[in-house]
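Chemist: Here it is: the structure, laid out below.
Just so it is clear, none of the values below were taken in a lab; they were calculated from the coordinates. No experiment lies behind these values; they were computed from the predicted model shown. Note: ideal-geometry Cβ built from the backbone for every residue, glycine included; neighbour counts use all protein chains shown.
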There are 2 protein chains.
Amino acid sequence: MIQRPRGTRDFLPDEMERRRHYEGKLRSVAKRFGFRETATPIFEDSELFIMRSGPNILDELYAFKDKGDREIALRPELTAPTIRMFVNNMSNEPKPIKLFYFGQCFRYERPQSGRYREFFQFGAELIGSATPDTDAEAIALAVSMIEELGLKEYRLRIGHIGVLRQKLLDVGIPAENMAEILQKLDKKAYDEAGPIMEVLGVSQNSMDEIFEFTDTIGGVEVLDRVPGEPGDYLRTLASRLSAMGIDGYDIDLGVVRGLDYYTGVVFEVEAPVLGAEKQICGGGSYTLSQLFGGEEVFSTGFAIGFDRILLAMEKEGIEYESEGIDVYVVPVSDDTRPDAARITAMLRKAGISCDTDIMGRKMGKAMKYASTVNSKFVAIVGKTELESESVTLRDMSSGEQKLVLISELVKEIQF
Amino acid sequence: MIQRPRGTRDFLPDEMERRRHYEGKLRSVAKRFGFRETATPIFEDSELFIMRSGPNILDELYAFKDKGDREIALRPELTAPTIRMFVNNMSNEPKPIKLFYFGQCFRYERPQSGRYREFFQFGAELIGSATPDTDAEAIALAVSMIEELGLKEYRLRIGHIGVLRQKLLDVGIPAENMAEILQKLDKKAYDEAGPIMEVLGVSQNSMDEIFEFTDTIGGVEVLDRVPGEPGDYLRTLASRLSAMGIDGYDIDLGVVRGLDYYTGVVFEVEAPVLGAEKQICGGGSYTLSQLFGGEEVFSTGFAIGFDRILLAMEKEGIEYESEGIDVYVVPVSDDTRPDAARITAMLRKAGISCDTDIMGRKMGKAMKYASTVNSKFVAIVGKTELESESVTLRDMSSGEQKLVLISELVKEIQF
């Protein structure tokens with residue numbers, strides 16, 4: 001028996017309905033915030049992702065040559081393609097450009113709980129603006145999305161990569177060692193970062209100061225430890241968030257984010273219920289367009305791991321109930337089938353979700369199928385009832401049934 | 001400047017909004033018919049598509065080896081993956097199983113008008129039923145979808161591949177030559193089919209009769225020329241379609257469809273406005289599950305070329321108007337920005353789509369941006385108005401403006 005590829009999923013009707021329901025909620029929040037949806041291809045020139053993340057990314061990509069010998073790769077994320085699209089087609093549009101997207105991404109890695117080779121991301125980018133208001137807008141959207149989904153417990157942490165980067169430059173870390181050290185600091189692996197920094201000539205004193213800085217976490221009061229412009233910037237951000245009713249977050253000066261192109265504010269959201277793989281959202285301000293041949297443009301964006309957040313909701317016991325259909329139409333005998341078909345078509349035209357037997361089943365079996373598909377009503381089409389242009393309508397939850405004129409059926413069901 | 005891969009597209013906000021709008025309409029019609037959505041991975045084991053279409057399909061596929069040396073391919077269509085999913089996960093579900101799907105497919109072919117390397121299909125499969133009612137249901141769904149989109153001119157042709165196949169067997173065409181001859185007949189290439197049939201020993205008389213048969217097209221009266229069970233089957237189908245209000249189609253005994261696995265009724269829909277590449281929908285009854293390691297299960301399905309039908313609608317002059325947003329909030333000066341942020345957050349929470357300036361712009365520029373994003377109202381947040389907990393609300397279409405209490409803003413805008 002032929003199977004689906006490892007690390008991928010099939011979404012059966014119940015699960016798919018749940019996913020579309022929550023996808024729709026995320027989309028509607030984004031639209032309410034004035035963001036507009038875009039889409040880019042499933043694959044891109046591999047070079048795009050190498051430019052963003054360095055050549056090591058190739059190890060994790062589904063990369064291949066097409067028949068025209070072009071190096072292409074299934075997209076591992078959606079920020080680079082979106083900024084590529086902006087550089088190609090949208091760079092002259094009035095700023096800020098507020099975009100969102102939802103789609104599959106692909107990573108060749110070992111499948112494990114909540115990690116798939118084909119996974120889904122919902123994300124947003126605010127392009128062409130570099131103010132605290134911009135970051136506040138991105139964070140407010142992320143929070144509103146998570147709230148809209150109904151996730152009960154989550155933790156938002158906000159930091160500033162620019163300050164940390166400056167501190168590392170100040171103690172003499174060369175640009176080429178920056179990424180490596182940031183990665184260690186991201187994991188709080190001070191025992192690994194220490195020796196590297198020592199070799200680079202950083203004093204124990206400076207090191208301690210940096211480790212203390214990245215361990216700084218707390219309310220807005222910790223912003224007192226952030227000097228100069230970034231401190232003011234973060235205080236304005238905190239004030240905007242407060243105006244928008246967003247308060248329950250931590251300032252965490254150790255939020256690093258892996259990639260070179262982040263410039264200022266960075267943020268992450270975790271769902272504690274997920275245990276080790278708990279990050280459900282990450283973002284920050286960055287410049288990326290200049291790497292792809294455009295002008296340097298400041299942006300802020302984030303991505304939500306759609307699979308991960310759905311898993312968190314499931315673990316929190318948030319249940320989604322399938323909608324079912326409104327009416328199942330049962331012909332009592334073969335000679336009422338044309339009338340059953342006519343009534344079914346009429347109800348559907350009126351916007352009522354409706355199904356009917358197409359397998360030539362006898363009434364009992366058809367009634368059983370009506371329960372299987374979770375129908376609210378059953379309309380029984382019999383010869384006697386048809387003589388008075390009526391059907392018997394049964395309410396499947398109460399079990400009550402009554403004779404209803406076909407001409408009044410729509411009204412009766414919509415009521 | 002790095003570009004998107006050849007034959008793929010970026011969907012910018014206006015186009016994407018239009019696509020989501022019509023995608024939503026198709027989804028809602030399918031749900032109204034009692035179909036439920038499913039999704040399968042973007043790539044599958046290459047073998048799946050070879051089993052469906054023969055090894056030649058490889059020439060058109062984006063096929064490659066993953067890092068685990070597995071032969072995988074980006075899906076060129078969605079019927080085989082859906083039936084694979086059915087065989088793997090759903091074979092014990094109560095029948096009929098009514099599924100629909102929407103997603104990207106991929107073909108490596110020369111890009112041309114209305115043909116892309118990444119394209120979108122909307123399709124449906126009715127699994128586990130083999131009655132005229134089943135085919136009628138599939139055809140009715142396809143027609144209702146096309147009607148719902150508002151396409152004005154389209155042509156539905158219904159045929160029966162089983163009859164033609166039997167006729168070819170009767171005149172002595174061996175099974176191994178069947179596909180080749182059916183392909184010629186599909187294109188009405190009688191001058192190519194003739195010589196092949198002659199070599200196979202088919203008499204001129206029999207040939208003429210077959211060519212006359214595949215040239216038979218007309219109303220339900222041509223069903224008189226279809227003998228035996230298939231004739232009765234098609235007459236019942238016509239009666240069901242009529243009960244569902246579907247009449248304006250042709251019976252075309254020359255509708256062939258390329259693939260071996262079609263068994264009975266086949267149908268196609270064309271949009272004449274598209275010229276040469278006019279087919280927008282194709283489907284029929286088939287058995288495919290046994291090829292993938294399952295039991296033989298009768299099914300009927302169809303796919304709509306989403307890009308193609310949108311192109312047809314565009315050519316017919318059907319316009320889609322972008323929604324825009326409800327309110328743009330303009331702070332008059334920097335000291336009213338926190339209030340602007342508060343009011344924006346309040347409106348969004350009430351379900352109103354709302355945006356505000358995040359770039360520190362002065363009022364004039366912010367007003368201009370409000371027009372750019374097509375906002376119905378502008379809420380002007382000034383110091384004087386704030387003293388009475390009010391804002392100035394301007395209706396952008398009439399130009400009228402008035403003072404509105406912030407506490408009444410939601411009501412005022414929703415009215």
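Chemist: Rank B:L185, B:L403, B:L141 by mean-square fluctuation in a GNM of chain B with C-alpha springs under 10 angstrom and give only the top-ranked residue.
Modeler: B:L403
Chemist: Can I ask one more? Give, in nm to one decimal, the length gained when the segment between A:Q279 and A:N89 is fully stretched (0.36 nm per residue of separation minus the Cα-Cα distance).
Modeler: 65.2 nm
Chemist: May I pose another question? Would you tell me the mean number of C-beta atoms belonging to other protein chains that fall within 10 Å of each C-beta in B:376-382, as a whole number?
Modeler: Values: counts 0, 0, 0, 0, 0, 0, 0.
Average neighbour count from other chains, rounded to a whole number: 0.
Chemist: If one computes the Cα centroid of region B:61-102 and of region A:155-202, what distance in Å separates the two points?
Modeler: 46
Chemist: Got a sec? How would B:C105, A:C281 order by Cβ neighbour count within 10 Å, fewest to most?
Modeler: Working: B:C105 21, A:C281 24.
Least to most surrounded, the residues fall as B:C105, A:C281.
Chemist: Can you tell me how much longer the chain between A:S388 and A:E319 gets when fully stretched, taken as 0.36 nm per residue apart minus their C-alpha distance, in nm with one decimal? Walk me through the intermediate numbers first.
Modeler: Numbers: separation 69, 0.36 × 69 = 24.84 nm, distance 4.37 nm.
Length gained between A:S388 and A:E319: 20.5 nm.
Chemist: From the label point of A:K67, set 7 Å from Cα along Cα→Cβ, how far away are the matching label points in the other copies, in nm, ordered shortest to longest?
Modeler: Shortest to longest, the spacings are 2.8 nm.
Chemist: Relative to the Cα centre, what is the charge dipole magnitude of region A:13-315, using +1 at the beta carbon of each Lys and Arg, -1 at the beta carbon of each Asp and Glu, and rounding to the nearest 20 debye? It would help to have the intermediate numbers written out before the result.
Modeler: Working: 35 positive and 50 negative charges, 211 e Å.
Computed about the Cα centre, the dipole is about 1020 debye.
Chemist: Please work out the Cα center distance from region A:220-296 to region A:356-415, rounded to the nearest Å.
Modeler: 57
Chemist: Dipole of region B:13-315 (Lys/Arg Cβ +1, Asp/Glu Cβ -1, origin at the Cα centre): which of B:G194, B:A179, B:T79 lies farthest to the positive side?
Modeler: Looking along the dipole axis, the top candidate is B:T79.
Chemist: Between B:A189 and B:S113, what's the calculated FRET efficiency when r is the beta-carbon distance and R0 is 25 Å? Round to 0.05.
Modeler: On the way: r = 23 Å, r/R0 = 0.94.
Efficiency computed from Cβ-Cβ geometry: 0.60.
Chemist: Determine the relative contact order of chain B: mean sequence separation of Cα pairs under 8 Å and six or more apart, normalised by residue count, in whole percent.
Modeler: Details: 679 pairs, mean separation 61.9, N = 415.
About 15 percent, as a whole number.
Chemist: So for region B:345-415, taking the charge dipole from beta-carbon charges (+1 Lys/Arg, -1 Asp/Glu), which of B:S398, B:T356, B:Y369 sits furthest toward the positive end?
Modeler: Positive-end residue among those listed: B:Y369.
Chemist: Could you tell me which of rounded, prolate or oblate describes region A:149-227, using a ≥ b ≥ c as the square roots of the eigenvalues of the alpha-carbon gyration tensor, with rounded for a/c under 1.5 and, failing that, prolate when a/b is larger than b/c and oblate otherwise? If you can, show how the numbers build up before the last one.
Modeler: Numbers: a/c = 2.31, a/b = 1.79, b/c = 1.29.
Since a/c reaches 1.5 and a/b is larger than b/c, the shape of region A:149-227 is classed as prolate.
Chemist: Also, I was wondering about something else. Among A:A276, A:A350, A:A366, which one shows the highest mean-square fluctuation when chain A is modelled as a Gaussian network with alpha-carbon springs under 10 Å?
Modeler: Top of the fluctuation ranking is A:A350.
Chemist: Next up: Mind jotting down the three principal axis lengths of the protein assembly as shown based on Cα atoms? Whole angstrom, largest first.
Modeler: 97, 61, 46
Chemist: Ok, one more. For the Cα atoms of chain B, what angle does the longest principal axis make with the long axis of helix B:228-243, in degrees from 0 to 90, nearest 10?
Modeler: The angle comes out near 20 degrees.
Chemist: Might you report the magnitude of the Cβ-based charge dipole of region A:333-380 about its Cα centre, with Lys and Arg at +1 and Asp and Glu at -1, to the nearest 20 debye? Walk me through the numbers on the way to the answer.
Modeler: Numbers: 9 positive and 5 negative charges, 28 e Å.
About 140 debye.
Chemist: Taking the DSSP beta bridges in chain A as the whole, what percent of them are antiparallel, to the nearest 5?
Modeler: Of all bridge pairs located within chain A, approximately 80 percent are antiparallel.
Chemist: Also: For labels at A:E412 and B:R225 in the simple 7 Å Cα→Cβ model, what's the distance in nm?
Modeler: Computed distance between label sites A:E412 and B:R225 equals 4.6 nm.
Chemist: Quick one: if the Förster radius is 22 Å, what FRET efficiency do B:S239 and A:M359 give, using the C-beta to C-beta distance and rounding to 0.05? Can you show the working numbers first?
Modeler: Working: r = 17 Å, r/R0 = 0.77.
It comes to 0.85.
Chemist: Looking only at other chains, what is the average number of their beta-carbon atoms within 10 angstrom of each beta-carbon in B:338-347? Mind dumping the intermediate values first?
Modeler: Details: counts 6, 1, 3, 11, 5, 2, 6, 9, 2, 1.
Per residue, the number of nearby Cβ atoms from other chains is 5 on average.
Chemist: What is the Rg over Rh value, at two decimals, for chain A, using alpha-carbon atoms and the Kirkwood definition of Rh?
Modeler: We get a ratio of 1.12 for chain A.
Chemist: What does the helix-only formula give at 222 nm for chain B: each DSSP H stretch with n ≥ 4 adding -39500 (n - 2.57), the total divided by the residues, and the result rounded to the nearest 500 deg cm²/dmol? Could the numbers behind the result be given before it?
Modeler: On the way: 14 runs with 156 residues, N = 415.
Taking each H run of at least 4 residues, the total per residue is -11500 deg cm²/dmol.
Chemist: Would you mind checking region A:273-306 for residues with the amide N under 18 Å from a putative spin-label position 7 Å along Cα→C-beta of A:E71?
Modeler: Output list for this probe position: A:291-293.
Chemist: Moving to a separate point now. How would you classify region B:1-45 from its alpha-carbon gyration tensor, with a ≥ b ≥ c the square roots of the eigenvalues: rounded for a/c under 1.5, else prolate if a/b is greater than b/c, otherwise oblate? The partial results should precede the final answer.
Modeler: Details: a/c = 4.75, a/b = 1.49, b/c = 3.19.
Because a/c hits 1.5 or more and a/b fails to exceed b/c, region B:1-45 counts as oblate.
Chemist: Determine the gain in length on full extension of the stretch B:L403-B:S28; use 0.36 nm per residue of separation and subtract their C-alpha separation, reporting nm with one decimal. Display every interim value, and only then the final one.
Modeler: Numbers: separation 375, 0.36 × 375 = 135.00 nm, distance 4.09 nm.
Contour length minus the Cα-Cα distance gives 130.9 nm.
Chemist: Next up: Assigning unit charges at the beta carbon (Lys, Arg +1; Asp, Glu -1) and nothing else, what dipole magnitude in debye, to the nearest 20, does region B:58-134 show about its Cα centre? Write down the numbers at each step before the final one.
Modeler: Numbers: 11 positive and 11 negative charges, 30 e Å.
Charge dipole of region B:58-134: 140 debye, to the nearest 20.
Chemist: Restrict the search to region B:126-183; then list the GluC sites (Glu not before Pro) that DSSP places in a loop and that have at most 14 other Cβ atoms within 10 Å of their Cβ.
Modeler: Numbers: sites: B:E137, B:E147, B:E148, B:E153, B:E176, B:E180; in loops: B:E153.
Counting only loop positions with at most 14 other Cβ atoms within 10 Å, the GluC sites (Glu not before Pro) in region B:126-183 are B:E153.
Chemist: Given springs between every Cα pair under 10 Å in a Gaussian network model of chain B, which of B:L259, B:L48, B:L200 has the largest fluctuation?
Modeler: Greatest mean-square fluctuation among the candidates belongs to B:L200.
Chemist: Counting only other chains, what is the mean number of Cβ atoms within 10 angstrom of the Cβ of each residue in peptide B:83-91?
Modeler: On the way: counts 0, 5, 5, 2, 3, 5, 3, 3, 0.
Shielding by partners across B:83-91 averages 3.
Chemist: I need the shape label for region B:325-414. Rule: rounded when a/c is under 1.5, else prolate if a/b > b/c, else oblate, with a, b, c from the alpha carbon gyration tensor.
Modeler: Numbers: a/c = 1.24, a/b = 1.01, b/c = 1.22.
Rounded, because the longest to shortest axis ratio a/c is under 1.5.
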